[in-house]
Structure formats: C-alpha cells, structure tokens
Amino acid sequence: MTSVQTSETVKQAEATPEVEQPYRELGLKDDEYKRIREILGRRPTSSELAMYSVMWSEHCSYKSSKVHLKQFGDKAPDTDALLVGIGENAGVVDIGDGWAVTFKVESHNHPSYVEPYQGAATGVGGIVRDIMSMGARPVAVMDPLRFGPADAEDTRRVLPGVVAGIGGYGNCLGLPNVGGEVVFDPSYAGNPLVNALCAGVLRHDQIKLAHASGAGNLVVLFGATTGGDGIGGVSVLASETFDDAHPTKRPAVQVGDPFMEKVLIECCLDLFAADLVVGIQDLGGAGLSCATSELASNGDGGMTVWLDRVPLRDSSLRPEEILMSESQERMCAVVEPAKIDAFLEICTRWDVLATVVGEVDGSGRLTVEWHGETIVDVPPRTVAHEGPVYERPYARPPWQDALQADGPSSLARPTSPAELRATVLRMVGSPNLASKSWVTDQYDRYVLGNTVLAQPEDSGVVRVDESSNLGIALATDGNGRFAKLDPYAGAQLALSEAYRNVAVTGARPLAVTDCLNFGSPEDPDVMWQFAEATRGLADACLELGVPVTGGNVSFYNQTGDVAINPTPVVGVLGVLADVRRRVPMGFASPGEVVVLLGETRDELAGSEWAHEVHGHLGGLPPRVDLAAEKALASLMAEVAAAGVATAAHDVSDGGLAQTLAEMTLRRGVGATVSLDEVAGGDAFVALFAESVARAVVTAPADRVADLETSAATYGVRVTRLGTTGGGSLVVGDIDLAVDELRAASERTLPALFA
Amino acid sequence: MRVGVVTFPGSLDDGDAARAVRLAGGETVRLWHGDDSLRDVDAVVLPGGFSYGDYLRCGAIARFAPVMAPLVDAARGGLPVLGICNGFQVLCESHLLPGALIRNDHRKFNCVDQELAVENASTAWTGGYSVGQRVVVPLKNGEGGYVADEATLDRLEGEGQVVVRYVGDNPNGSYRSIAGITNERGNVVGLMPHPEHAVEELTGPSTDGLAFFTSVLTAAVTA
C-alpha cells in the first residue's frame, strides 16, 4: 500500500502566516513574494507558491519583455488576414477559400544544451501541441539552429544530438521538416539556439481557443500520465544561466514520447471533427499550473481541479510536483457534460488515457483540491496574466560606437581571378555556407505527400488543398552578426530575408512569427539590444504590412557576463494561390537568361566573407530597404504567376557568389555569367557583398523581356548576367566545375560530424 | 478494385498510400488495426510509419494487431499485399516474407532520393515495370538494413524473389543491396523505399512509384 502524500492546505496557510517559505529558491524576488501575499491576503500554500513561481518566471510571464512586445500590437499593420492575433497559443491567418493557417516558432535552447537529444525532441513536441491547441492539423515543421564554432568539441556533442532529437521526434510524428537554418558562430558556444517552428492547417470554423467557459463543463486531462520529469524545468532551466559550479541539471529536462504525441494528434483531430471541445490547451512549460490557470483566466468563471485524480507515473509525487510537472504529450480540454461520453469514446479508440480532473464553475477562483482538502485558492488571472511587469533599465552599450566604427574597409580583399576563385571555393565550403544535407537528410521531408519545396530551397512550400492547389510558403531567418552591429537594423534584416525567401518562390508574404533569442535582461546592454530589435521588427512589420502573430522570447542565453549575439529569428508565412506556379531555386535547363534583380553596394560589414576569412565583426550592416523588398516581392509574385521565372534564389549570406553556386548545385546545371555590370565592375564586391532586396532569376530567352517590363513597373533594377547551361559555373575569368563546387560544398559537415 | 490501407497507431504514410491508390485509379478502403475483417478488399497496403512507436522492435507489435490475422490468412491464399518501410518490417515479423530489417549501418535516419533497379517485374505489384528498369523514389528510415542468412539470400536470388535493389552506394548496409523482396507466389511484396511518395511531379522526385499501384489494379483484373 502506498501512502498518500499530504500537502499544505489553505487553512493551514491562513493559520500560520509566519512560516518561512523558500520563494527565493523557486526564483521569486522579495517584492514578487510580497505581491503574492497581497493578492491572497495571506501567505501562499506550498502548492500556490509553486504555481506562482513557475507562472511568474521569465519564460512564462514575459515580465521583462512585455513592455516591448506591446509594440507588435500597437504598430500592427491593417490587415484582414488575421483571424486570431497575438496572445493565444498561436496566431491564425486567413489564406483564402475558407482555409486558415496557424504557425509559431519557439525556443528550446537551454534544455537542448543540457541534454541535446531530449531537449530538441521535446522542443518539437511542444510547438506541435501549441498548433494542435488552435484546432489545427500540424502540416510542417522547421528548425532554425545555431551552434558554437563548427570545429569546437562541444559542438560535436550538441549538434548531432540536437539533429537526432529533432529527427527522432519529428519523423515519428509524421510531419515533414521543410526548412530551417544551421548557423555556427563562437557567440553560441555554451548557448546553442534550438528554435522550432510548426505550421498547422484548419478551416475557419474549426478555430479553438484556450477558454474554460460554461459553468458545469468538465475539465479533461488526456494523453500521457504525469511523472517527475521536467519539474521546475521552466524556472530552473529557462531563467538562469549555466554555471560550472552547479551540479548537473539533467533531471529537469523532459523526456519525449513521439508515439504518444502522434496518437494524441490523431485523437485531437477526431475530437475537433466531432465538435466535442469547448476550449483546449496544451500542457507545456509549467504543466498543469499553466494549463488550468490560463484556461480559467481566459474563461468566464472559475475552475475547480481535483488534483488527486491526475493519473501518475510515480505515486510518490507531491501535489506541488504534479502542478509543476512538465511531462510531455498531455492536453487539457473543456467539454460539455453531454458530450463527455463521446469524448471519452474517441480517446478509447486511440488508446489515449483521458480523465475528468475538474469542472468549470462560476466562482471566479481557481481552486485545487487534494483528497478533499483545498490546497490552492487563487484568482486565476493573477497567476496567468497579471504577473509582474518590469521596465528593465537599458542603455546603448558603451562599446557600440567603437564596434560600428571598426568597419571592414581595411580587410585585405582578393583581387586576381585566382584569388577570387579560391575565395569562392573557400566560402562555398565554409561551415555556414556548406551543404546542410548531412543535417537535413536526417529529417523526413516527404511524409503527408504535400511537400512541394523543402530545404535547401529558399522556403518550404506545402500544398494545403489538393483540389485547388492552394498552398503556403514558410521561411525563417536571423543574423546575429548584423543584430550585434545594429539590433534595430538587424531585426529588420532578419525579417527582410525571411520575407524575401518567401517572395522568391512566388508566394505573397502574409504574417510573421518571431523567436527573440537574447542574453540576460538584467544586463542593460542586452536589454537595449532587445528594445532596439523589437522596435525595429515592429516598425518593419508595419511597413511591409505583415503582422506579428505570436512567438517567443528566450532570455539568459549567456555564459557568465558574455551574451550571445542578439538573435531575433523571424519566420514569415506566405500564400500561393497555385503551388504548381512556385519557383524553385536551381537552374532548370540550359539556354535560359540569368538576371540579377536589385542593387549591389559595397556592403561587407558583418558579412559571411568578413566572418569566415577575417574573423572580423564591425561596421554597419547592409542598409535596410523595405520599399525595395516590397517591390521585389510584388515583382516575384507577378512573374511567378505568369510563368516567366523558371528559377529564383535570394542573395543573402555569402553574396552573389553563393547564390550562383547554390543555383548551380541544386540540379547540376551550370551557367556562364559576367559581373561587369554589377557593383560598378568591382568583382569582389559583386561576388561577396550582402546588400538587401536582391535575387537571381532565370527566364527563357523569349520571356526575359516580359520580366524586364514587369521589373520596370515595380522599379526593380534588372542586370542581365548571362546564360544557363554547361557543367561549370563560369563567372568572368573564373571557371568552377560542378563537381569541384559540389565536393567543396558537401564534404564540410560530414568531415566535422560524421 | 478496392485496395485496403491499414492504419496502425503510429502509421504515418497511410494517407500517402491512399492517395497513391486513388491516383492509380483504385478505390481506397481504410482498414483499422483493431478490426478483424479486411472488408472484402482486393489488395492491401501496409504503410510506412512507426506502428505502436516501434518500441520493442519495428513491426513486432503490429504483427499481433487484430487486423493481421485475416490479413496473414488472405496473403497465404494469394491476396496481393504491399508492405512499405514499416509495412515491410511488419511483413517480415509476420513471417510472410523472410529476413529482417535492422538499424542502418551508419546508425542515422536517412531521407534521400534513391535510385533502384527493378529485378522482378512479375509480382502483383511490379507488373508495370520491366526488368532492369531504373527508378528513383524516396528512401527514408532509420532501420532499413535488410538482413537474412546466406542460404535465404541465395534462395531469394535464385528464385528471383529480389524485387528491387539499391543502385550505387548501399544506403543502409542491406545485405546484397536488397531494397525489396517478394514471396514465392509473388503476391506479397515488401520494400523499404517509398513508391507512394513518387506519384506526382509536384511533390515527388519522380512519378516512378505510381506503377506499383497501377500494377496491382491490372494484376487483379487479369487474375
């Protein structure tokens, strides 16, 4: 016989106001604890303290970022595309014909450093449940990843584990992985960034929200049982920096069961189809504390939870631990009593354990009972939505001016054809630009049978409707070096690139999700970076007409006093009325005309070339030109729909040289081009500058005039570069055989990680 | 022509297999793992995925699903059955096909466009191909290494039961580069690559996989 765990009751807390509580160990500050006592009019019980501590953690409460994130709403562009805006589990975007898409990117940085496989795996699981909780069928994932130097020993520990975890979990869920990034930079050593994006599809009338409405409705916990994994994961892992002096934190990382999640997805879709759910919420960070308080807070009444009914993996768990557990693959639904039998029947069909653990009531309180005793009695909004808000001090760092003054003009540049040729090959094989197929081949890109484009294409393109060929394009980008040089511009450049990557496929960009990865908000330098980046992103979203629909903030990505490069990662969603018209990146067939769209300037500060060849970071990043991005996007949408463009690829990291090399490598079709008309004939600048709003496009010889006419309408400069064909990429005097380029591109990652 | 597609908990490519049957001109009948009837179908596809999480061993739990009892009987009686990836693993675990699938020799999941050579164009599922034909279809698995003892391998080769073989570098350490096999009668075929992902120009590397599904429609008509 197992003994029943006991827990402090509300009555006991009332009777013993003087008891010392370990709130500091749980991450609460003195004034935060004081506020909890004021809210409750007494000291909290141990369970209440647990709930407040996880829900008021940085990760859950956004207490340092809230005042800045507000701009995404305040400056939101006018759009009718948004069906559900920021603040829900994920935003929902109208893509036409009654279809909607929900998408979101999130971080799982800290867990992935501690335990790469499980950290990355559960990152995928968490974002997929966010998408499910909107009522959608998840249809694609992508993973923007950032690691320390490619040849660092710790990168060899972290990267293979992260990649295997993403594959091991995502592949088993049956979701195609269609894009993402793999970036190496010393600033991420000790703080890898493991971000995960998921997109889901639903009909307009299927949108679900995390609302507990209707007194008498039942609260059902379904999915996996609750165990001791991930307890305090939120507060311990997401809100502290790593310190060698502390013992291992491995037990606080959750362990994923992708099979359970796959079954849960199908079960949820059947529940939605049968219209059996009033409100739904996934259990992620802060587990039941979060799900119940958010459901109750969003609802119109209160909620009572009978915590002793929660099915446990480990009967010795204390109530506080059950409330904080981050066991994966669990969902919480609000169900009308008349529908509960049908609900449970579907769960039985999928062998999903489902338990009624509570009831919606009119009390306005969230009450948790444990074997008949009340152990939590709180106003739910104070837990879920009225946490502390900080106006953290921030100031432009004293070193910022010197960094910006230290431009790349004095760096030695290659000049002779032989030097330029060697530099192109070196860049093509550099870890950041080399082929990522060693990583992406570990992900299933085919499952579900709707993947039209996947990595290394500019965007993932997914068919939504087989009968109409309506589809979506998704891309994520970020550039921590640009953001370090100028966080306002850096965030705009991340958005510009993702927007452009969506646009070059012919899709119309519609909406944005962001994952803001930064150092400690308690450091005024970092907080200034954050303030600048959010301001920049909000301003640019307004100008480009694409609203931020949701996302995530990850702070404390730093080791000691050294923060990562500020890294806003931006995901853009676009719509394609007919995915058969999408434009892929590779040169398709010989004899087509190759043109460069856009202006090339001597912009090499923060470039891949300066980083790879000189290890240099200084100066001002490329000039942001949102009007030019918009014009380029409009042009691409037009020429794609008209079938004029046969290939298109954006120019970004590594410059035009990298763009041409990637277009050649994609299908093994070469090209002969001249750069005499680019950048005033400066071959080095033409090849390696990273000026914005550019793309290389091909068109059949008899259609290129149409392309030029359209470009003139939008004011986009067109430079004819040459012609496709042959087994080499020939750039002026430089001749690079496809095989040589391929060897350079493909050997790097296997040599480092295989 | 009614082609059943079985869904186990954890099946992933069941929708893709159903689409392939439809594009080939057949009628898809969805079969549930817990059913004990095949609902009078004329052929069955066991799709890819991770049935029951593939915990224990790939396909080892699925073979005990209620739907497998009538399926094994019908297969022994000549019903055309195609096992793709996890479905191949289930067929081996059910002893409808010899050998087993083990972890890839490089120990990673691998998703590539794979070239195959068709070596037997007389099975119920490959009649639309010609012997020696090269096709490209996606290969994606973590446990795709085909193994069997030497005597079994010799027998498979000798009796023409190797249906498709990998061309070029062996992608997963399969013995003798075997990608797919058939039973003696030629009605049961299992292969690791995914022909159902190569049925549309828009979404596949080719449409080379479609003939698996058109073949069985023809085979059933002429049978």
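The values are calculated or read from the model by the stated rules, or taken from the named source; none is laboratory data. The shown structure was predicted, so the numbers you read here are calculated from the model rather than taken from an experiment. Here the Cβ positions follow ideal geometry from the backbone for every residue, glycine too, while neighbour counts run over all protein chains shown.
Suppose the filter is over 13 Å from the mean Cα position of the chain (by Cα) and small (Gly, Ala, Ser); does B:ALA219 pass it?
Judged against the criteria, B:ALA219 is a match.
Which condition breaks for B:SER37 when tested against (1) without any contact (Cβ under 8 Å) to a residue 40 or more places away in the chain; (2) hydroxyl-bearing (Ser, Thr, Tyr); (3) away from every other protein chain (no Cβ under 14 Å); (4) more than 26 Å from B:MET1 (Cα to Cα)?
(4)
Mind listing just one residue for me: the one in the stretch A:421-449 that is touching a Ser or Thr at 6+ places or on another chain (Cβ under 6 Å) and under 25 Å from B:ALA18 (Cα atoms) and, of those, nearest to the other protein chains (Cβ to nearest Cβ)?
Only one residue fits best here, namely A:GLY449.
Given the condition part of a loop (DSSP other than H, G, I, E, B), among the β-branched types (Val, Ile, Thr), over 13 Å from the mean Cα position of the chain (by Cα) and within 14 Å of chain A (Cβ to nearest Cβ), answer yes or no: does some residue in the stretch B:206-213 qualify? Show your work before the answer.
Narrowing the stretch B:206-213 to residues part of a loop (DSSP other than H, G, I, E, B): B:206-209.
Now narrow it down to the ones that are among the β-branched types (Val, Ile, Thr): B:207.
Cutting the leftovers down to over 13 Å from the mean Cα position of the chain (by Cα) gives us B:207.
Pick out the ones that are also within 14 Å of chain A (Cβ to nearest Cβ) and you get B:207.
Within the stretch B:206-213 (the criterion being part of a loop (DSSP other than H, G, I, E, B), among the β-branched types (Val, Ile, Thr), over 13 Å from the mean Cα position of the chain (by Cα) and within 14 Å of chain A (Cβ to nearest Cβ)), the answer is yes, since at least one residue qualifies.
Kindly provide the set of residues from the stretch A:262-286 that are crowded, with 24+ Cβ neighbours inside 10 Å and acidic (Asp, Glu), ordered by number.
Within the stretch A:262-286, A:ASP282 is the sole residue that qualifies.
Among the helices (runs of 4 or more DSSP H) confined wholly to the stretch A:24-109, which include 3 or more residues that are more than 30 Å from the chain's Cα centre (by Cα) and surrounded by fewer than 22 Cβ atoms within 10 Å (Cβ to Cβ)?
Correct list: A:30-40.
For the stretch B:162-205, how many residues are assigned to a loop (DSSP other than H, G, I, E, B) and hydrophobic (A, V, I, L, M, F, W, C)?
Residues flagged as assigned to a loop (DSSP other than H, G, I, E, B) and hydrophobic (A, V, I, L, M, F, W, C) within the stretch B:162-205 amount to 5.
Being polar (S, T, N, Q) and in contact with a Lys or Arg (Cβ under 9 Å, 6 or more places away or on another chain) is the filter; apply it to the stretch A:1-44 and report the residue that is modelled with the highest pLDDT.
Looking at the filtered set, the residue picked out is A:THR16.
Within the stretch A:280-293, identify whether any single residue is assigned to a strand (DSSP E or B) and more than 33 Å from the chain's Cα centre (by Cα), and answer yes or no.
No, the stretch A:280-293 contains no residue that is assigned to a strand (DSSP E or B) and more than 33 Å from the chain's Cα centre (by Cα).
Here are some residues: A:THR348, A:THR355. Which one is touching a residue at least 12 places away in the same chain (Cβ under 8 Å) and within 18 Å of A:GLU261 (Cα to Cα)?
Residue meeting the stated conditions: A:THR355.
Testing A:THR304 on (1) modelled with pLDDT of 90 or more; (2) assigned to a loop (DSSP other than H, G, I, E, B); (3) touching a Gly at 6+ places or on another chain (Cβ under 7 Å), one condition comes back false. Which one is that?
Condition (2) is where A:THR304 drops out.
Name the residue, out of A:PRO393, A:PRO388, that is touching an Asp or Glu at 6+ places or on another chain (Cβ under 7 Å) and more than 18 Å from A:ARG309 (Cα to Cα). It would help to see each step written out before you state the result.
Working: A:PRO393 fails: touching an Asp or Glu at 6+ places or on another chain (Cβ under 7 Å).
After ruling out the rest, the residue left standing is A:PRO388.
Kindly indicate whether A:THR415 is among the β-branched types (Val, Ile, Thr) and either more than 14 Å from every other protein chain (Cβ to nearest Cβ) or exposed (fewer than 15 other Cβ atoms within 10 Å of the Cβ) (or both).
On the way: among the β-branched types (Val, Ile, Thr): yes; either more than 14 Å from every other protein chain (Cβ to nearest Cβ) or exposed (fewer than 15 other Cβ atoms within 10 Å of the Cβ) (or both): yes.
When the stated conditions are applied, A:THR415 passes them.
Name the single residue that is surrounded by the most Cβ atoms within 10 Å (Cβ to Cβ) among those in the stretch B:18-31 being among the aliphatic types (A, V, I, L, M) and more than 9 Å from every other protein chain (Cβ to nearest Cβ).
Only one residue fits best here, namely B:VAL21.
Given the criteria within 8 Å of chain A (Cβ to nearest Cβ), surrounded by fewer than 24 Cβ atoms within 10 Å (Cβ to Cβ) and of a type in the set (Gly, Ala, Ser), does B:GLY10 qualify? So that I can check it myself, show each step before the final result.
On the way: within 8 Å of chain A (Cβ to nearest Cβ): yes; surrounded by fewer than 24 Cβ atoms within 10 Å (Cβ to Cβ): no; of a type in the set (Gly, Ala, Ser): yes.
No, not satisfied.
For B:ARG103, are the conditions met, namely being among the charged types (D, E, K, R), within 12 Å of chain A (Cβ to nearest Cβ) and in contact (Cβ under 8 Å) with a residue 40 or more places away in the chain? Let's see the steps before the verdict.
Details: among the charged types (D, E, K, R): yes; within 12 Å of chain A (Cβ to nearest Cβ): no; in contact (Cβ under 8 Å) with a residue 40 or more places away in the chain: yes.
So B:ARG103 does not fit the description; no.
Which of the residues spanning the stretch A:163-193 are within 28 Å of A:THR559 (Cβ to Cβ) and within 13 Å of another protein chain (Cβ to nearest Cβ)? Break it down into steps so the answer makes sense when it comes.
Within the stretch A:163-193, the first condition is being within 28 Å of A:THR559 (Cβ to Cβ), and the residues that meet it are A:163-169, A:180-193.
Within the stretch A:163-193, A:VAL163, A:ALA164, A:GLY165, A:ILE166, A:GLY167, A:GLY168, A:TYR169 meet the criteria.
Quick check on this structure: which one of B:VAL90, B:VAL81, B:VAL135 is buried (at least 18 other Cβ atoms within 10 Å of the Cβ) and either touching an Asp or Glu at 6+ places or on another chain (Cβ under 6 Å) or within 14 Å of another protein chain (Cβ to nearest Cβ) (or both)? Break it down into steps so the answer makes sense when it comes.
Values: B:VAL90 fails: either touching an Asp or Glu at 6+ places or on another chain (Cβ under 6 Å) or within 14 Å of another protein chain (Cβ to nearest Cβ) (or both); B:VAL81 fails: either touching an Asp or Glu at 6+ places or on another chain (Cβ under 6 Å) or within 14 Å of another protein chain (Cβ to nearest Cβ) (or both).
Being buried (at least 18 other Cβ atoms within 10 Å of the Cβ) and either touching an Asp or Glu at 6+ places or on another chain (Cβ under 6 Å) or within 14 Å of another protein chain (Cβ to nearest Cβ) (or both) holds for just one of B:VAL90, B:VAL81, B:VAL135, which is B:VAL135.
Being closer than 25 Å to B:ASN104 by Cβ and more than 14 Å from chain A (Cβ to nearest Cβ) is the filter; apply it to the stretch B:184-205 and report the residue that is surrounded by the fewest Cβ atoms within 10 Å (Cβ to Cβ).
Of everything passing the filter in the stretch B:184-205, B:VAL188 is surrounded by the fewest Cβ atoms within 10 Å (Cβ to Cβ).
Limited to the stretch A:541-582, what total is found for residues that are within 14 Å of chain B (Cβ to nearest Cβ) and part of a loop (DSSP other than H, G, I, E, B)?
Residues meeting the conditions: 2.
So, A:GLU662, is that one in a helix (DSSP H, G or I), charged (D, E, K, R) and modelled with pLDDT of 95 or more or not?
yes
It is to be established whether one or more residues within the stretch B:115-131 are in contact with a His (Cβ under 7 Å, 6 or more places away or on another chain) and modelled with pLDDT of 95 or more.
no
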